Amino acid sequence: MIACVQMKLNPEDYKTEQAFAARIMAVMKRVREQAGEGPLLVAFPEHIGTFCLLSNAPERIWSKQTFAQASAALLWHHGAAVAHQMLRHRVSAVRALFLARAKELERIYLTPFIAAAREYEAWIVAGSAALRWGQTNRIYNTSPVITPTGQVVYRQHKVNLVEMEQKAGLDLDPAPLNYVSAVQSPLGALGVAICLDAFHLDVRQRLQGLGAKILIQPSANNGPWNEWQQEDWKRACFAAVAENKEFDLAVNPMLVGRLWDIEFEGQSSIIDQNGCVVKAESPFEEEILLRKDLLN
């Protein structure tokens, strides 16, 4: 069984770490109930973990009117730790905030996914989050792959960054192409190409050369899902599977909803070599897409 989660942002789900954990467990419970027994692969959207940076923040931060205002308030709230990281690593304030909150962010983000993988005996591609790479000052957009035993067996880092992720935004690092690899699983070899990476032939060719059969594209489109965007989106996993036959299957979970003035739109899909097998009905609402017969 493949489950593709089109998850809708809700500020209430990020206010505390308990709220985020409850949200992930509730989604996974729904997935398992709908899927029934048997092997299960669940894919979540890009950046659902990045907003865990705001978890446990005071209400004065959540009461701001824009994401920029909330981010500035969060920087001041962690001022001493941010200043320390800025001086130690000679990085921007935004990068310093991610470094200062790195351990907490990763714990809040991954703990419920690990618990859900064990509880519901599922392989989970846990969307992505802006995570620190080891003890360095690098922050990658990272997509963890978790086994049914709760082991994080792989972390895929994004190679090609969109504007929101670059210096003027989240100030993330682009990963080298040779950091891209395939993950062996009983369901087939998994290749994770985070959002824009799936549009790039060199990333797809590397995954294909490493034996990936199932392409997973966790995505977060922070723009209108208009006709142009829908048509342009076909250049990614749809072209890779339905047109070029580079992989057997593709799973494209998309983030929807808004947090302050940042809004995401898109239609999640599961694709095989004949075309789109199942697609979300709405580019705005939460949906769970399921297919039982594709892993046979």
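The values are calculated or read from the model by the stated rules, or taken from the named source; none is laboratory data. This structure is a prediction, so every number in the text was calculated from the model and none was measured. Using ideal geometry, Cβ is built from the backbone for each residue, glycine included, and neighbour counts are taken over all protein chains shown.
Brief remarks on what is shown
- Taken over region 234-273, the criterion of being closer than 15 Å to C195 by Cβ and acidic (D, E) is satisfied by E265 alone.
Each row is one residue, and each column tells you yes or no for (1) closer than 22 Å to I124 by Cα; (2) in a loop (DSSP other than H, G, I, E, B); (3) touching a Leu at 6+ places or on another chain (Cβ under 7 Å).
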position: S185; (1), (2), (3): yes, yes, no
position: D197; (1), (2), (3): yes, no, no
position: Q205; (1), (2), (3): no, no, no
position: Q208; (1), (2), (3): yes, no, no
position: P224; (1), (2), (3): no, yes, no
position: F247; (1), (2), (3): yes, yes, yes
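- Residue, nearest to K15 (Cα to Cα), within region 89-102, restricted to residues that are touching a residue at least 24 places away in the same chain (Cβ under 8 Å) and among the charged types (D, E, K, R): R101
So that you can scan it fast, the table gives a plain yes or no per residue for (1) surrounded by 17 or more Cβ atoms within 10 Å (Cβ to Cβ); (2) of a type in the set (D, E, K, R); (3) within 30 Å of L215 (Cβ to Cβ):
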position: F98; (1), (2), (3): yes, no, yes
position: R101; (1), (2), (3): yes, yes, no
position: I108; (1), (2), (3): yes, no, yes
position: A115; (1), (2), (3): no, no, yes
position: V125; (1), (2), (3): yes, no, yes
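- Of the criteria (1) more than 16 Å from the chain's Cα centre (by Cα); (2) loosely packed, with under 15 Cβ neighbours inside 10 Å, which one M164 fails: (1)
- Counting the residues of region 249-285 that are out of contact with any His (no Cβ under 7 Å at 6 or more places or on another chain) and in a loop (DSSP other than H, G, I, E, B) gives 15.
- Whichever residue in region 64-94 is within 21 Å of L259 (Cα to Cα) and of a type in the set (V, I, T) and, among such residues, is surrounded by the most Cβ atoms within 10 Å (Cβ to Cβ): V94
- Set E287, E231, E281: member being in contact (Cβ under 8 Å) with a residue 24 or more places away in the chain and among the acidic types (D, E): E287
- Residue count for region 186-233, restricted to those that are touching a helix residue (DSSP H, G or I) at 6+ places or on another chain (Cβ under 8 Å), surrounded by 13 or more Cβ atoms within 10 Å (Cβ to Cβ) and of a type in the set (D, E, K, R): 3.
- For region 235-252, the criterion of being under 16 Å from L9 (Cβ atoms) and under 18 Å from the mean Cα position of the chain (by Cα) is satisfied by no residue at all.
- Filtering region 199-232 to residues that are of a type in the set (K, R) and in contact with a strand residue (DSSP E or B) (Cβ under 8 Å, 6 or more places away or on another chain) leaves R204, K213.
- Test: residue in region 255-270 that is on the phi > 0 side of the Ramachandran plot, among the charged types (D, E, K, R) and exposed (fewer than 14 other Cβ atoms within 10 Å of the Cβ): no
- Hits in region 10-37 - residues which are crowded, with 19+ Cβ neighbours inside 10 Å and modelled with pLDDT under 95: A35
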